[in-house]
Amino acid sequence: MDNKGIQKGSSQKILVVEDNQDNRELVVKVLKINGYQVIEAVDGEEALEKTKTEKPDLILMDLFIPKIDGYEVTRRLKRDRDLRSIPVIALTAHAMKGDMEVALAAGCDGYIPKPIDVRELPKQIEYFLKHNP
Ligand code: MN
């Protein structure tokens, strides 16, 4: 991509963990349009592997994924010295207020409500990249 470092989001790498293909494709498309590099994982094992090998700048984490759920993946990442600084943003259903609390307790750094608002998503990502604790 041209204008690296100038264009918004360029060269920053986002790992999208989502087992629902439609949701995943939507999020990936929006992120790519906004200049991010995108990696995808469809279950918890793949999420852990790709976090280790790709060292993304941010992880979008669906909490309900096969093999290892998003809560447990987040707990494991936050116990890992090398990986704990990567912000993990949970993708949570609007109605499930309890999920957000459990997500934050598991170590998620924030959450983005589902269904995804395609106009808000890039702003939300930008916010979480800037306010990485
Ligand atoms: Mn899911």
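So how tilted is helix 44-54 from the main axis of the chain? Cα-based, degrees 0 to 90, rounded to 10. Helix 44-54 sits at roughly 40 degrees to that axis. Here the average projected area of the convex hull drawn through the C-alpha atoms of the chain stands at 7.5 nm². Where does helix 97-106 land angle-wise versus the long Cα axis of the chain, in degrees 0 to 90, nearest 10? With rounding to tens, the tilt is 90 degrees. Against the main long axis of the alpha-carbon atoms of the chain, helix 121-130 sits at an angle near 80°. The calculated FRET efficiency for residue 97 paired with residue 13, based on their beta-carbon distance and R0 = 25 Å, is about 0.25. For the peptides 120-130, 23-33, the ranking by mean Cβ contacts within 10 Å, running from highest to lowest, is 23-33, 120-130. If the limit is 25 Å between Cα atoms, which of 78/130; 67/123; 29/55; 67/114; 32/78 go over it? Beyond 25 Å between Cα atoms: 67/123; 32/78.
Sorting the segments 99-107, 12-20, 52-60, 111-119 by their residues' average number of neighbouring beta-carbon atoms within 10 angstrom, most packed first, yields 12-20, 52-60, 99-107, 111-119.
We did not get these values from a lab; they are worked out from the coordinates using the rules stated. Being a predicted model, the structure only gives us computed values, none of them experimental. Cβ: placed from backbone, ideal geometry, glycine included. Neighbour counts: every protein chain shown.
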